[in-house]
There are 2 protein chains.
Amino acid sequence: MGRRSDHSPDELRELLVLSGHALMGERGFAKFSAREAARRAGYSVGTIYNVFGGLDSYLIAINSRTFRQWGAWLEAALIDAPSDRAGRIEALVRAYFGFAQNNQNVWMAIYDHRIDRSIEIASEDDAAREGLTSIVDREVASTLGLNDNDARRLVRSLIATVHGHCALWLTGSYALLEEKDPAGQAVDRVLEILTHHLTPSES
Amino acid sequence: MGRRSDHSPDELRELLVLSGHALMGERGFAKFSAREAARRAGYSVGTIYNVFGGLDSYLIAINSRTFRQWGAWLEAALIDAPSDRAGRIEALVRAYFGFAQNNQNVWMAIYDHRIDRSIEIASEDDAAREGLTSIVDREVASTLGLNDNDARRLVRSLIATVHGHCALWLTGSYALLEEKDPAGQAVDRVLEILTHHLTPSES
DNA sequence: TTTTTAATTGAACACTGTTTAATTCCATGA
DNA sequence: TCATGGAATTAAACAGTGTTCAATTAAAAA
């Protein structure tokens, strides 16, 4: 069992997040077990409560790791993307789907974990979430002839549009059960929406 | 405790679905307990396994009830809706959101319950799910100048679009945290998309 | 070296879902 | 009317879970 000289507080925190994230990837949210995650890290459950204060905060930390990986995945995809607007949008949406498909369990865990509004999320975890939308902000909003606030709202609405397709697809929900290319549908919808928000000179 | 003369098999099935549905509404999927649902119906857990064969089938039956209520809610909203196309679409989307907001726990349980692909859903439960999309089919697809298959795909993509807004909103996800009128955003996106798929004479 | 302080554990508690032997009840036949 | 066969129902057992907290252990301070 772990001795406190084995790891600094930060190392221990990281170690637990790593083992928890790996377990989440194997089992998914429904079958996740904090006991098992601690066991695999070489510690006992209590340590998780010491380090994170509670299960919710631990799960938030695990999901934050997913958010950071997701952001990096999108950035990587944008490097190889074409330079025209439609091409970049398509690359972004397909990368969104690609990450979700290649990391189904941890991706879905983000939305499976319902956080009570009373619990406040640490600024570091908040940043991980914000990082993702800021990529889309940078990629989409700046090209639109809208004031900042309208652009912000539109970007978030576009994220919701893509999310809806991805979520219904990966959860195997009825609506998209027979759809062969959900990402393609999402791309089409996003581009259709965007043409409505371009100034004439941009279209 | 329940005696078998108290209820016919069908009545018992219905009784258990009712108590389970009520409990789901109170507690939500994460805190749902089959034991407690059976207890409130006046039976013990084992009865649920007898009647439904397993927890998954029980949850499917509970969610089917939600689907039927949801469908009825939409139909009711369409009766009072204006007769112009945009007005009816808006009424439909807002009713979609309205049901979800007024029945948060049971609505989310639909998507929280991940059904293993191996488990087959009874035709009755399938119909409950299909009923919902068929409402949108009837309301939207027939007005479009598309062949049947394209219209089907588009309708499902529109459902995914609305679902994404509703899901991110109700789960309190980051993207829509500050959005005051998520339903309005969904309506706008749907209408923007639809104008792309209308024949010139319809627009 | 002893004392203090903090990290870590392990056990207890009240719950789950799931299975199965035992019980209880009902309908049928004598 | 009463016994019996069979089906509905239960209770108990099992292996887990999250959560808390006294007891223990190890490192740091004195």
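A few comments on the model shown:
Here's the yes/no breakdown for (1) within 16 Å of the chain's Cα centre (by Cα); (2) surrounded by fewer than 17 Cβ atoms within 10 Å (Cβ to Cβ); (3) more than 14 Å from A:Ile110 (Cβ to Cβ):
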site: A:Pro9; (1), (2), (3): no, yes, yes
site: A:Glu14; (1), (2), (3): no, yes, yes
site: A:Leu18; (1), (2), (3): no, yes, yes
site: A:Ser33; (1), (2), (3): no, yes, yes
site: A:Ala38; (1), (2), (3): no, no, yes
site: A:Asn50; (1), (2), (3): no, yes, yes
site: A:Glu75; (1), (2), (3): yes, yes, yes
site: A:Pro82; (1), (2), (3): no, yes, yes
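- Test: residue in region B:147-157 that is within 8 Å of chain A (Cβ to nearest Cβ), out of contact with any Cys (no Cβ under 9 Å at 6 or more places or on another chain) and over 30 Å from A:Ile115 (Cα atoms): yes
- Where helices (runs of 4 or more DSSP H) fall wholly inside region A:1-86, the ranges with 3 or more residues that are without any contact (Cβ under 8 Å) to a residue 60 or more places away in the chain and within 26 Å of A:Phe99 (Cα to Cα) are A:9-27, A:34-41, A:55-79.
- Helices (runs of 4 or more DSSP H) wholly inside region A:101-203 that include at least 1 residues being closer than 18 Å to B:Arg156 by Cα and open to solvent by 10 Å² or more (accessible area, probe 1.4 Å): A:148-170, A:182-195
- Scan region A:49-82 for residues that are over 15 Å from A:Val136 (Cα atoms) and more than 16 Å from DNA strand C (Cβ to nearest atom) and the total you get is 11.
- The single residue among B:Ser123, B:Ser118, B:Ser83 that is in the same structural domain as B:Val155 (by TED's automatic domain parsing), among the polar types (S, T, N, Q) and over 20 Å from B:Asp56 (Cα atoms) turns out to be B:Ser83.
- Within region B:179-201, if we keep just the residues that are over 26 Å from B:Asp150 (Cα atoms) and more than 8 Å from chain A (Cβ to nearest Cβ), the residue that is nearest to the chain's Cα centre (by Cα) turns out to be B:Asp181.
- Residues considered: B:Leu92, B:Leu15, B:Leu78. Of these, the only one that is within 16 Å of DNA strand D (Cβ to nearest atom) and not hydroxyl-bearing (Ser, Thr, Tyr) is B:Leu15.
The values are calculated or read from the model by the stated rules, or taken from the named source; none is laboratory data. This structure is a prediction, so every number in the text was calculated from the model and none was measured. Note: ideal-geometry Cβ built from the backbone for every residue, glycine included; neighbour counts use all protein chains shown. Keep in mind that these areas ignore ligands, DNA and RNA; they rest on the heavy atoms of the full protein, side chains included. Shrake-Rupley method; radii C 1.70, N 1.55, O 1.52, S 1.80 Å.
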